[in-house]
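Asker: What follows is a single structure, and I will ask about it in a moment.
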């Protein structure tokens, strides 16, 4: 039942004792399934024991840290300590937050588990701040919901100066409650290049509740490989913005998923995205920023041509390149092919370009909405219309039914269709007229009560009738006759 967790504990133990090859770190990097398995079986004592073994193997032994360094150096040819330290820290935080999530679920029935929860959260926070002070358990904390209990414990730790954004979000993610901490998200496209082939990535930036002391990675990419230059670029640009944000970076094409993402060329996209997120502006997802940040301004990057070709292939319509671009002479050609490329040197100009059209559309819609609401207030004087929802609440679903027409056979339907194509639109009246009544005089009046039982009129909502139409059935036949 806990097979994945047992395998994870065994691998970590062997790595800590130097008994496993460094490449087995790849199994550790895929620990997400094992941790979710543990949280799902939080009520079992074996879960607590196995997670404790994982924590001891990682945090109390240098063997695992050495294995990570060897993995980076020999498998990816990366010797930068920043890269290996990040992987080690994130692995420890993942285990710590899994232990916290388990204790949060156990605390619903066992009050003693609340103290364990606080201790596990404090262990995770200590990886960022060694001076984090563990707060006392408060009786005022609600134990009805594991996520709420986790929030209350993290708030107490934050009040004592601990850095809790990442620990809180990663714990809530395992409890399937992280979305409640996301205030707003935007997707910013980023371009990369592998040799001579450009490719696209999605950078998702999410504004989160918090103090702004941390730049939080998404837990699912916590053990992914990123190079030193990229990590330093992200941190440096975030230091200027200082907003609480979670980031995740994923390639669009899976054939590039094994690449180690590195370089500073995503700096412009990050800077513009953070500014847009901070100021509450929209971001045009069809606008690509191909620039880095140097001295607070946008500068050209390498392999611009390959990256812009990837944007064209993905039907992008707008792109920004930094000052000093080497493809200036190709800008008219890109315009002819449907890609508007703008050379910009400042971040504010890029923000305006990336959000300007949507902002203008937003203003137009606001004006038109206000006009409709004002008109409604004039017509309906006993009500107040502050938002569109106030007007929408007055809507009554319209029901439609078949009219006073007899049910037609498939042959008659086909005959009517042929007549309509020939420009004859009174065929249905003719069919109804030719239907004989019980006296056989050919002049049946469908309004008479004796014919109503045969009509079988079905009342449906207007939206259903139109949906039938979009599914290939005539709205007239199914709802409006």
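Read the figures in this text as sums done on the coordinates, not as results from a lab. Model, not experiment: these values are computed from the prediction. Because the Cβ atoms are built from the backbone with ideal geometry, glycine has one as well, and the counts that use them run over all protein chains shown.
Asker: Relative contact order of the chain, please, whole-number percent, based on alpha carbon pairs below 8 angstrom and at least 6 residues apart.
Answerer: Numbers: 727 pairs, mean separation 41.3, N = 481.
With pairs under 8 Å counted, the relative contact order is 9 percent.
Asker: Could you order the peptides 360-371, 1-12, 83-94, 260-271 from most to least packed, using the average number of other C-beta atoms within 10 Å per residue? Walk me through the numbers before you get to the answer.
Answerer: Values: 360-371: 10.8, 1-12: 18.8, 83-94: 20.3, 260-271: 23.8.
Most protected by this proxy first, the peptides run 260-271, 83-94, 1-12, 360-371.
Asker: Over the Cα atoms of region 183-357, what Rg and Dmax result, in angstrom?
Answerer: Final numbers for Rg and Dmax: 15.1, 47 Å.
Asker: Let me ask something else about it. Rounded to the nearest 0.05, what FRET efficiency do residue 315 and residue 377 give with R0 = 41 Å and r taken as the Cβ-Cβ distance? Could you check? Walk me through the numbers before you get to the answer.
Answerer: Working: r = 42 Å, r/R0 = 1.04.
So the FRET efficiency works out to roughly 0.45.
Asker: So if I take the alpha carbon set of region 123-189, get Rg, then get Rh from the Kirkwood formula, what is the Rg over Rh ratio?
Answerer: With Rg and the Kirkwood Rh in hand, the quotient comes to 1.02.
Asker: Now, a different point. Testing the spin-label approximation: label points 7 Å from Cα along Cα→Cβ at residue 365 and residue 388. State their distance in nm.
Answerer: With each label point 7 Å from Cα toward Cβ, the separation is 0.6 nm.
Asker: What fraction, in whole percent, of alpha-carbon pairs in region 77-129 exceed 14 Å separation?
Answerer: When every Cα pair of region 77-129 is considered, 57 percent fall beyond 14 Å.
Asker: Quote the relative contact order of region 183-357 in percent (integer), defining contacts as alpha-carbon pairs under 8 Å separated by 6+ residues.
Answerer: Numbers: 352 pairs, mean separation 40.9, N = 175.
Across region 183-357, relative contact order equals 23 percent.
Asker: Students often check this: by mean Cβ neighbours within 10 Å, which of 379-392, 192-205 ranks highest, and how do the rest follow? Mind dumping the intermediate values first?
Answerer: Working: 379-392: 10.9, 192-205: 17.1.
Result, highest mean first: 192-205, 379-392.
Asker: Just to be sure I understand the model, the point goes 7 Å from the Cα along the line to the Cβ. What's the resulting residue 144 to residue 21 distance in nm?
Answerer: For residue 144 paired with residue 21, the spin-label model returns 5.4 nm.
Asker: Just need the Rg to Rh number for the chain, please, alpha carbons only, Kirkwood Rh.
Answerer: On the way: Rg = 31.6 Å, Rh = 27.7 Å.
Here Rg/Rh amounts to 1.14.
Asker: Relative to the present Cα-Cα distance, how much length would full extension add between residue 417 and residue 159 at 0.36 nm per residue of separation?
Answerer: Details: separation 258, 0.36 × 258 = 92.88 nm, distance 7.45 nm.
Additional length available on full extension: 85.4 nm.
Asker: Taking the Cα centroid of region 139-211 and of region 13-31, what is the distance between the two, rounded to the nearest whole Å?
Answerer: 27 Å
Asker: Please list 239-245, 58-64 highest first by mean number of surrounding beta-carbon atoms within 10 Å per residue. Kindly include the intermediate steps, with their values, before the conclusion.
Answerer: Numbers: 239-245: 15.7, 58-64: 17.6.
Packing proxy ranking, top to bottom: 58-64, 239-245.
Asker: At what distance in angstrom do the alpha carbon centres of region 240-258 and region 275-347 lie from each other?
Answerer: 18 Å
Asker: Next question. Pop a pseudo-label 7 angstrom from the Cα along the beta-carbon direction at both residue 239 and residue 426 and give the gap in nm to one decimal.
Answerer: My value for the distance between the label points is 8.5 nm.
Asker: Now, a different point. Nearest-5 percent of antiparallel DSSP beta bridges in the chain? Don't skip to the end; give the middle numbers.
Answerer: Details: 25 of 38 bridges.
Rounded to the nearest five, the antiparallel share is 65 percent.
Asker: Within region 250-272, whose backbone N sits under 12 Å from a point 7 Å along Cα→Cβ of residue 82?
Answerer: Within reach of a label on residue 82, which here means backbone N under 12 Å from a point 7 Å along Cα→Cβ, region 250-272 contributes 262-264.
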